[in-house]
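What follows is a short report on a single structure.
The values are calculated or read from the model by the stated rules, or taken from the named source; none is laboratory data. Bear in mind that the values here come from a model prediction, so they are computed numbers and not experimental data. Glycine also receives a Cβ, built like all others from the backbone with ideal geometry; neighbour counts cover every protein chain displayed. SASA here: full protein model, heavy atoms, side chains in, ligands and nucleic acids out. Shrake-Rupley method; radii C 1.70, N 1.55, O 1.52, S 1.80 Å.
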Amino acid sequence: MNGQFIHRAIFIRGLVLIFALAFHMTAAADVLFINDATVHTMSSTGVLQDGDILIRDGRIIAVGTGLIPPDEALVIEARGRPVTPGFFAGITALGLDEISAVDSSVDNGLSIDGMRPEFDITTAYNPHSTAIPVTRIEGYTWTMLGASRAGSIIAGQGKGASLDGSYEPFVGNSVLFIDVGGDASGQSSGSRAAQWMLLEQAMTESSEELSWSPSPLLTVAGRKALAEFKSGGIVVFNADRASDILQVIEFTQRHGLRTVISGATEAWMVADQLAEAGIPVLINALSNLPSSFDKLGARLDNAAQLNQAGVTLAFYGTGTHQARKLRQVAGNAVANGLPYEAGLAAMTISPAVIFALGDDHGSIEPNSIADLVIWSGDPLEVTAAADQVIIAGKPVEMVSRQTLLRDRYLPEETDLPRAYIKPSGTN
């Protein structure tokens with residue numbers, strides 16, 4: 001990508017930002033109109049060329065071609081650029097992990113021994129974390145807040161969270177996180193088999209039939225919490241080895257759980273079993289090296305093989321502070337055989353379905369939540385950027401700590417547009 005292209009991309013990005021800020025600073029009705037876009041609807045409509053999107057009060061009212069914008073609408077000229085639903089940032093600790101090396105700023109893990117499925121990390125969420133806007137302006141509108149294993153193979157509960165910067169960002173229902181396999185052996189006396197023994201005991205303790213246990217694993221609150229997930233709640237098992245994945249499938253079927261598998265490095269080996277069981281997976285498509293004995297079967301076309309077998313998949317694995325790079329993971333999966341639209345689906349509609357956010361998330365259709373991104377080019381290419389992110393119908397300020405630092409030290413003589421800095425005293 002040459003310098004002229006970079007200048008043009010940044011200039012266009014600046015123009016869209018001006019439109020967005022004008023929208024923020026007026027008292028007009030919440031009506032937005034995106035004109036002349038390449039719309040990846042992630043629905044049965046497919047891709048609309050020369051597409052228009054009408055948004056009112058945070059929801060999409062109409063999608064089509066040749067639509068007429070209402071007089072009160074703020075019009076953004078897409079000029080053919082791609083528009084997608086907002087991207088999924090993966091399983092992260094955004095808003096819970098400010099500086100990983102400073103323990104007091106990390107709130108997504110419980111270090112005490114014992115299983116505590118009642119541990120809920122969402123109560124520590126901080127919408128002012130600097131990592132949130134860094135991720136948001138790169139095209140990501142939501143994440144799954146994941147509890148981190150520390151003292152137990154049952155890490156605790158998390159939830160989907162919009163990256164809108166609000167104090168009540170949560171979407172969907174609570175999700176329970178469980179870690180099995182080699183990495184979790186330290187929490188099960190060094191034995192992989194002991195993990196399943198302990199989980200079976202925990203499931204037994206959470207049943208109504210067992211009123212008392214001489215040496216319980218769970219607290220009273222823990223028993224109640226685990227029982228709720230046995231009644232249809234989503235449980236994410238982190239497992240990489242194919243044999244562990246099969247154990248997860250068997251455990252899921254035995255207890256009637258609604259299971260998602262994260263990690264899944266060797267999932268391609270058991271893709272047919274996953275598809276038959278209807279269990280979706282979250283993978284890091286760049287996990288292609290045997291970095292542990294659980295990942296000896298790592299390969300770059302894991303996503304392609306899972307998709308071909310009919311397994312619903314999404315991407316994760318770049319962590320909290322690098323979550324903005326997740327679309328590169330999707331791009332590499334496409335480069336290794338995953339169909340392009342399946343790659344986009346794994347960043348948009350598929351995670352919304354996997355985590356049961358509802359029919360109004362993850363696609364560009366009438367009545368959907370207007371979480372959208374206008375891209376400078378192909379969103380799965382590293383040369384493209386998010387020109388404008390829209391969350392619940394509101395164009396967000398494309399500003400983060402990183403852009404402010406860039407502007408602070410950018411030479412004054414440059415002709416590149418500088419980021420907007422809100423006047424003192426404004427919201």
Only Lys, Arg (+1) and Asp, Glu (-1) charged, at Cβ; the chain dipole about Cα centre in debye: 520 debye
Extension gain, Gln402 back to Gln308 (0.36 nm per residue minus Cα-Cα distance, nm): 29.9 nm
Protein-only accessible surface order, largest first, of Tyr340, Tyr140, Tyr409, Tyr316 at 1.4 Å: Tyr409, Tyr340, Tyr316, Tyr140
Per residue accessible area of the range 114-241, 1.4 Å probe, in Å²: 39 Å²
R0 of 41 Å, Cβ-Cβ distance Leu300-Ala62: FRET efficiency to nearest 0.05: 0.50
Within the chain, percent of DSSP bridges classed antiparallel, to nearest 5: 55 percent
Mean projected area (nm²) of the alpha-carbon convex hull when the chain is viewed from all directions: 22.2 nm²
Contact order relative to length of the chain, as percent, for alpha carbon pairs under 8 angstrom and 6 or more apart: 20 percent
Accessible-area composition of the range 96-253, carbon plus sulfur, in percent [1.4 Å probe]: 51 percent
Chain lengthening between Ala124 and Ala194 when straightened (0.36 nm per residue, less Cα-Cα): 22.1 nm
Label-to-label distance, nm, for residues given as Ala356 and Val75 (7 Å Cα→Cβ offset): 4.4 nm
Amide hydrogen neighbours beyond the local backbone of Phe170, cut-off 5 Å, H modeled: Ser162
Full-extension gain in nm, Asp36 to Ala275, via 0.36 nm per residue minus C-alpha separation: 82.2 nm
Solvent-accessible area, 1.4 Å probe, carbon plus sulfur percent, for the range 320-391: 49 percent
Relative contact order of the range 209-349, defined on C-alpha pairs under 8 angstrom at six or more residues apart (%): 18 percent
Whole-percent pair-distance distribution, where bins are 5 Å wide, for the alpha carbons of the range 37-155: 2, 10, 15, 15, 13, 10, 9, 9, 8, 6, 3, 1, 0
